[in-house]
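A short write-up of the structure that comes next.
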Amino acid sequence: MLHETNKRKSLTSSLVLLFTAVIWGGAFVAWVEGAQTMGSFTFVSLRFAIGALALVPLILIFERKGGSLHGEWKHTLIYGTATGTVVFIASVLQQTGIEMTGEAGRAGFINGLYVVLVPVFGLLLFRKKLSFISALGTLSAFAGLYFLSVSDGFGNMELGDILMIMGAVFWSVHIMMIDAFAPRVRPLRLAMVQFATCAVLAGVCMFIFEQPQVLHLQAGLIPLLYGGLLSCATAYTLQIFFQRDVPAAKAAIIYSMESLFAAIFGFLLLGEVMGWRGYLGGALMVTGILLSQLKPQKSKSNEK
């Protein structure tokens, strides 16, 4: 009876995480729309500011007890500032790359590379063993990236693609940092601090390098609200409360579907058609992402 209850709970949580992947996939359309109305620093600063503010009432409801500036909050500020700085770099690289390419589906597939890079960095930095099937997945993902990003004449990659690849590298670093820091502090507080840090850093750059105007902000209001309320606050909160019931490897596979949803939303809402090279590259990347998360199960204790 208990096994059946846990099974249903895991299934429900998996469906919720799939919904978060849908939200994140649709976010790439918002990034493209936002890039048409305002600069990268402005868009990143405002959407993460909205996300940080949206988490405040959730913290007051779910995490109002415990933690002082001399205790847990102190560590939260340290960890949140560190992760927020990485989020700032990754988000600006991603948004600038999207601004140059203007394609949601393409950006979604390239961004999905972070799922493959995490085990690769684990091997290089922490000597975590990389299985044969994970290595095969990595090769498939990079082959897909080549078909997706290189021009029809097999020339060089576009600058926008390179920036998004660099962004994926920093998203990989962010995942490893969250894996290390999140168990030590309350997750919603950590999310709020990192969102606020990113918003402040991008805001400083906004006033230095860009000239935001009210008309531009009004034109990009919907992408900003989607990015702040749905992509940041809602999806992240759902991830925190439901991922605990899903094995990590399975959760990563579910999240990787955001690449597929980005392509679907790009086609439906923006009329994007990537051509045979783009779709072949996307298929190879999704295959590589899935393979990179498949691990031999030696025992049930290894599932989480």
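Let's see how each residue does on (1) closer than 21 Å to Phe147 by Cα; (2) in contact (Cβ under 8 Å) with a residue 24 or more places away in the chain; (3) within 13 Å of the chain's Cα centre (by Cα):
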| position | (1), (2), (3) |
| --- | --- |
| Val87 | no, yes, yes |
| Glu99 | yes, yes, no |
| Gly105 | yes, yes, no |
| Asn111 | yes, yes, yes |
| Leu123 | no, no, no |
**Q.** Residue selected from segment 147-173 under the condition in contact with a Phe, Trp or Tyr (Cβ under 8 Å, 6 or more places away or on another chain) and at pLDDT 75 or above, by the criterion nearest to Lys74 (Cα to Cα)
**A.** Val173
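I'd like the full set of residues that are part of a helix (DSSP H, G or I) and either buried (at least 17 other Cβ atoms within 10 Å of the Cβ) or in contact with a strand residue (DSSP E or B) (Cβ under 9 Å, 6 or more places away or on another chain) (or both), limited to segment 178-195. Before you say what the answer is, go through the steps one by one.
Restricting attention to segment 178-195, the residues satisfying the condition of being part of a helix (DSSP H, G or I) are 178-184, 187-195.
Across segment 178-195, the qualifying residues are Ile178, Phe181, Pro187, Leu188, Arg189, Leu190, Ala191, Met192, Val193, Gln194, Phe195.
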Q | Residues of segment 251-275 that turn out to be in contact with an Asp or Glu (Cβ under 9 Å, 6 or more places away or on another chain) and in a loop (DSSP other than H, G, I, E, B), as a count | A | 2
Q: Sort through Gln243, Gln218, Gln211 and tell me the only one that's outside any helix (DSSP H, G or I) and either surrounded by fewer than 22 Cβ atoms within 10 Å (Cβ to Cβ) or free of Cβ contacts under 8 Å to residues at least 24 places away in the same chain (or both).
A: Gln211
Q. Given the residues Ile240, Ile264, Ile253, which is the only one that is among the β-branched types (Val, Ile, Thr) and at pLDDT 80 or above?
A. Ile264
Q. Is it the case that segment 130-146 has a residue that's at pLDDT below 80 and out of contact with any helix residue (DSSP H, G or I) (no Cβ under 9 Å at 6 or more places or on another chain)?
A. yes
**Q.** Criterion violated by Asp179 - all others in (1) free of Cβ contacts under 8 Å to residues at least 24 places away in the same chain; (2) more than 24 Å from Gln36 (Cα to Cα); (3) more than 17 Å from the chain's Cα centre (by Cα) satisfied
**A.** (3)
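Would you say Val86 is buried (at least 16 other Cβ atoms within 10 Å of the Cβ) and at pLDDT 90 or above?
On the way: buried (at least 16 other Cβ atoms within 10 Å of the Cβ): yes; at pLDDT 90 or above: yes.
Criteria met by Val86.
Yes/no per residue for (1) closer than 17 Å to Gly102 by Cβ; (2) aliphatic (A, V, I, L, M); (3) touching a residue at least 12 places away in the same chain (Cβ under 8 Å):
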{"site": "Arg8", "(1), (2), (3)": "no, no, no"}
{"site": "Leu18", "(1), (2), (3)": "no, yes, yes"}
{"site": "Val22", "(1), (2), (3)": "no, yes, yes"}
{"site": "Met38", "(1), (2), (3)": "yes, yes, yes"}
Q) Just checking, how many residues over segment 275-285 are at pLDDT below 80 and touching a helix residue (DSSP H, G or I) at 6+ places or on another chain (Cβ under 6 Å)? A) 5
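The values are calculated or read from the model by the stated rules, or taken from the named source; none is laboratory data. Please read all numbers here as calculations on a predicted model, not as lab measurements. Every residue, glycine as well, gets a Cβ built from its backbone with ideal geometry; the counts of neighbours run over all protein chains shown.
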